[in-house]
Every structure is written in structure tokens, then in C-alpha cells.
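Inspection log for the structure reproduced underneath, given as C-alpha cells.
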Amino acid sequence: MNKGSIGLWITGAFLLLMGWIAFDMLRPVSGGGAGSESSISAVRTAKVPVLVEFYADWCGPCKVVGPVVEELSRELQGRALVIRINIDEDPKLARAHGVRGVPTFIAYRSGRETGREVGGIPKERMRLLLGL
């Protein structure tokens, strides 16, 4: 490789990266979580604390915290309800709950909001939001 082709290599690498990002953003995705109006209605009737995570598939912090939320859901089964809602699939619901950034975690008890955090948070903070 000579010095004259370095710019060409950098340009090629940049175009490859942009193509990969475009491909990743345009590919179809599965729901990934329990979203929609029917699952959020569980917040009003649940006898246990509820943690709702509003997320997006394109969001880096959401991708990092997603497995932690799923793990917490399994750990707290029966003691709390954890719901994940994709804001791209249900933008009206996100707006109705005042979600302006993702991930947003909202905790509910007896149908009333008891806490809210925006951004990637550790599992212990999620437990604190739930009061557990």
C-alpha cells in the first residue's frame, strides 16, 4: 500500500460503516417486548408494583440495558411486573406518558406513578424504583 491510497482506504472504510449502519436501521425487527395499550392497562389493575421501560431498537443504551430488564423480569416474576414498550411501535403511548428520551423507566404502584428515571440504569436502581 502506498501513501497515495490511504485516503481511498479511509473513504472505503467510512462508506462500509455507513452502509452497515443503514442496513442495521432498515432491517425488520421483532417486537422484542410486551408493548401496546393492552399491556399498559395492566399497570392500572396490577396488585404488584409495575416497572415500564420505554425503549427503541436503535438506542444504544437501550440495547445495553435490555438484557438486564429481561433478567429482572424473570427474577421478580410474581412479585412485580416488568413491561417493555418499543416507542417506535407505539409512539402515541410514549407521548401519553411524557416519554422524551429513551430508555425511560416508570414505576407504578396501585396504578399511580411512583418514580421515573431516564437513561440506562443498573438493576439495583430498577429494584429501588419498584420499592423492592
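Derivation of every value follows stated rules applied to the coordinates shown; laboratory data play no part. Computed from a prediction, not measured in an experiment: that's the story for all the values here. Cβ coordinates were reconstructed from backbone atoms using ideal geometry, including for glycine residues, and neighbour counts include every protein chain displayed.
Things to note:
- Here the label points at Glu89 and Trp9, each 7 Å from Cα along the C-beta direction, are separated by 4.4 nm in the simple model.
- Note, ³J(HN,Hα) from phi for region 102-118, Karplus 6.51, -1.76, 1.60, rounded to Hz, x at Gly and Pro: 10, x, 10, 10, 10, 9, 10, 9, 6, x, 10, 5, 10, x, 8, 9, 10
- This model, with +1 at the C-beta of Lys and Arg and -1 at the C-beta of Asp and Glu, gives the chain a dipole about its Cα centre of some 360 debye.
- Charge-dipole axis of the chain as Lys and Arg at +1 and Asp and Glu at -1 on Cβ define it, positive-most pick from Gly111, His97, Thr11: Gly111
- Model label sites at Lys123 and Ser41, defined 7 Å from Cα along the beta-carbon direction, differ in position by 3.3 nm.
- R0 of 35 Å, Cβ-Cβ distance Arg112-Trp58: FRET efficiency to nearest 0.05: 0.65
- In loop segments of region 48-113 as defined by DSSP, the trypsin sites (Lys or Arg not before Pro) with at most 14 further C-beta atoms inside 10 Å of their C-beta are Arg79, Arg100.
- Mean Cα-pair separation over length for the chain, i.e. relative contact order, pairs under 8 Å, 6 or more apart, %: 30
- Distance between the pseudo-spin-label points of Arg79 and Arg100 (7 Å out from Cα toward the beta carbon): 3.4 nm.
- R0 of 22 Å, Cβ-Cβ distance Glu70-Leu17: FRET efficiency to nearest 0.05: 0.15
- Bridges between two residues of the chain, per DSSP, are antiparallel at a rate of about 60%.
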